[in-house]
1. Rg/Rh for the range 24-68: what does it come to with C-alpha atoms and Rh from Kirkwood?
2. Of Ile140, Ile107, Thr48, which is farthest towards the positive pole of the chain's charge dipole, taken about the Cα centre with +1 and -1 on the beta-carbons of Lys, Arg and Asp, Glu respectively?
3. Per-residue ellipticity at 222 nm for the chain, helices alone: DSSP H runs ≥ 4 residues times -39500 (n - 2.57), over residue total, nearest 500 deg cm²/dmol?
4. Extending each Cα 7 Å along its Cβ direction at Thr165 and Asp92, get the distance between those two points in nm, one decimal.
5. Can you give me the span-like helices of the chain, meaning DSSP H runs with 24 Å or more of Cα extent along the axis and Kyte-Doolittle mean at or above 1.0?
6. In what sequence, largest accessible area first, do Lys85, Lys181 appear using a 1.4 Å probe?
7. Give me the 1.4 Å probe accessible area per residue for the chain, excluding ligands and nucleic acids, in Å².
8. Accessible surface of Ser175 in the full protein assembly, 1.4 angstrom probe, to the nearest 10 Å²?
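The values are calculated or read from the model by the stated rules, or taken from the named source; none is laboratory data. For clarity, every value in this text was computed on a predicted model and none was experimentally measured. Counting neighbours? That spans all protein chains shown, and the Cβs are built from the backbone with ideal geometry, glycine included. Please note that ligands, DNA and RNA were not included when accessible areas were found on the heavy atoms of the full protein model with its side chains. Shrake-Rupley method; radii C 1.70, N 1.55, O 1.52, S 1.80 Å.
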Amino acid sequence: GVSSTTAGFVGGAGGGVAQTVVMGPCTYLVTAMVLGKEQSVWGIMRRTWASKGLLGFYPGGSAIAARQASNWASRVGFTEAVRTKMKAAHGDPTRRLSIHEECWAGIIGGVLSCWNHPFEVARIEMQARALSGEPAVGMIAVLRQVHAESGVGGLFQGLIPRMGTNVWLTLFLVSGANIVKQCREGSTEAICTASANPQHHCA
């Protein structure tokens, strides 16, 4: 009984939070490899486990959960919102979008989903603190400190590369899923056979 846009935001948020279980240790190890002198993943894992146990792999867990939840809520939700607007522009809310339109919806949704970049900055800062042995600080405190030291720009460091990441993830996992779903449902006229018309190709 809810709109596709609302379902996209809610479903994406739930899936994103669930991803924290895996993304926490993965991003921690990546940060450790980038910042640390030790170049052995297994060495980092052994040292972390010996000193802090399982919880040692989850510094910045609150920032990761906030990032992942808002990531997928935004990627799916914004993409669905754009798709809805495109259908409305055609005057038919049930219209099947072309591959070209699906791709543009994903690109726009991916770019808009980067509004949450401060959570990524907080995640990196919190994990870096843990790796350097500094006392743990909450996500809000970290964001305030970054803002105090570097202003609003500091909260959006590395935004352009992340836009690229978000766009391809949204294209592949959101727009791509929509295209495959419509093909399987038999909407070959609008999607699967769009390849017969070069202007419907996604650039």
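1. On the way: Rg = 10.6 Å, Rh = 10.8 Å.
Reported Rg/Rh, Kirkwood definition of Rh: 0.98.
2. Thr48
3. Details: 8 runs with 139 residues, N = 203.
Rounded to the nearest 500, the figure is -23000 deg cm²/dmol.
4. About 4.0 nm, to one decimal.
5. On the way: long enough: 4-35 (41 Å, 1.11); 61-89 (41 Å, -0.18).
Membrane-span-like by this rule: 4-35.
6. Working: Lys85 155, Lys181 115 Å².
Highest to lowest solvent-accessible surface, that is Lys85, Lys181.
7. Details: 10980 Å² over 203 residues.
That works out to 54 Å² for each residue.
8. Near enough 0 Å² of accessible area.
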